[in-house]
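Novice: Encoded as structure tokens, here's the structure I'll be asking about.
Nothing in this text is a laboratory measurement; each read-out follows from the coordinates by a stated rule. All figures in this text were calculated on a predicted structure; none of them were measured in a lab. Reconstructed Cβ throughout: ideal geometry from the backbone, glycine too, with neighbour counts over all protein chains shown.
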Amino acid sequence: MSDFAFSRRHFLLGASALALTGCVSTGETKRPSAELAANKVKPVTPPMYYAVWDEGYQIPEVDVSKIPEKFWRAEVDYMTDEKPGTVIVDTPNKYLYHIKPGGRATRYGIGVGKDGYAWSGRAKIAYKRKWPRWTPPDEMVARNPALQPYSIANGGMGPGLQNPLGARAHYIHKDGRDTIYRIHGSPEYWTIGKSVSSGCIRMVNQDVMHLYDNVRDGSDIVVIPDLNKSGQAHSVMAGA
């Protein structure tokens, strides 16, 4: 895959779109209905999705009946020319792979950006944070005054179970500059496998914690575009 295409126009367009949405859901995806869930045999929750205490917060058990089993975390065969430690985001199939030696990878189900908010190319995971603060951009606060308590001037939203960035965040940079995009946890685990975010890559909190423990600062990240979706063929990473 070629590196990100850069132009000031592409960056401003991408940054503007994300600034108005701030890595949160678009609000168009709802929880699966109780009626549909009642008609299915509820799968047994694997230990990796049990409730867990972390940094003083109790992350609830994942209701895995609301996530197709193909999106549960798994160790898989994955042949690639990318070096071990690389993170590959398969946007069309809603998977994130953390590459291991010997043609293996840890595969996670993810939620990705909607049409118009997607991005692709190469960058770096510059650093990562536990229980990050969320600071909606000023443009978003202007459109939704209820977010004023979490504005940049007020220091953003503190960490917690309802914070849109979840338990962990990985900050993606290109050429030393923040791209605005993140890999992060989400309390809305039922959106995994869907295109619902504002461009960021969302994961089950238990999964993003697992990734955090295994990925290193400075790791390469490769994002594969979904060329079948309108508005997804462009690269909007930060550039001059």
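Novice: In what order do 112, 87, 76, 44 fall by count of nearby beta-carbon atoms within 10 Å, going from fewest to most?
Specialist: Arranged by neighbour count, lowest to highest, 112, 87, 76, 44 become 44, 76, 87, 112.
Novice: Taking the beta-carbon count within 10 Å as an exposure proxy, list 75, 82 from fewest neighbours to most.
Specialist: By the 10 Å Cβ count, ascending, the order reads 75, 82.
Novice: If you don't mind, there's one more thing I want to ask. Past 22 Å, Cα to Cα, is the threshold; run 70/100; 83/194; 66/100; 174/194; 100/124 against it and keep the listed order.
Specialist: Exceeds cut-off: 83/194; 66/100; 174/194.
Novice: Using only Cα atoms, what is the ratio of the radius of gyration of region 62-216 to 2.2 N^0.38 Å?
Specialist: Against the compact-globule rule of thumb, the ratio is 1.05.
Novice: Obtain the nm distance between the two label points defined at residue 79 and residue 48 by a simple spin-label model: each point lies 7 Å from its Cα along the Cα-to-C-beta direction.
Specialist: Roughly 2.3 nm, to one decimal.
Novice: Now for a different question. Determine the equivalent ellipsoid of region 103-169 by diagonalising the alpha-carbon gyration tensor, then write out the semi-axes as square roots of 5 times the eigenvalues, largest first, rounded to whole Å.
Specialist: 27, 17, 12
Novice: Okay, moving on. Tally Lys and Arg at +1 and Asp and Glu at -1 over the other residues with C-beta under 13 Å from the C-beta of residue 80: what net charge comes out?
Specialist: Net of charged neighbours comes to -1.
Novice: Could you give the length gained on full extension between residue 213 and residue 143, defined as 0.36 nm per residue of separation minus the Cα-Cα distance, in nm?
Specialist: Full extension from residue 213 to residue 143 adds 21.5 nm.
Novice: Give the order of 119, 134 when sorted by the count of other beta carbons within 10 angstrom, beginning with the fewest. Spell out each step's value before the answer.
Specialist: Numbers: 119 28, 134 22.
In increasing order of surrounding Cβ atoms, one gets 134, 119.
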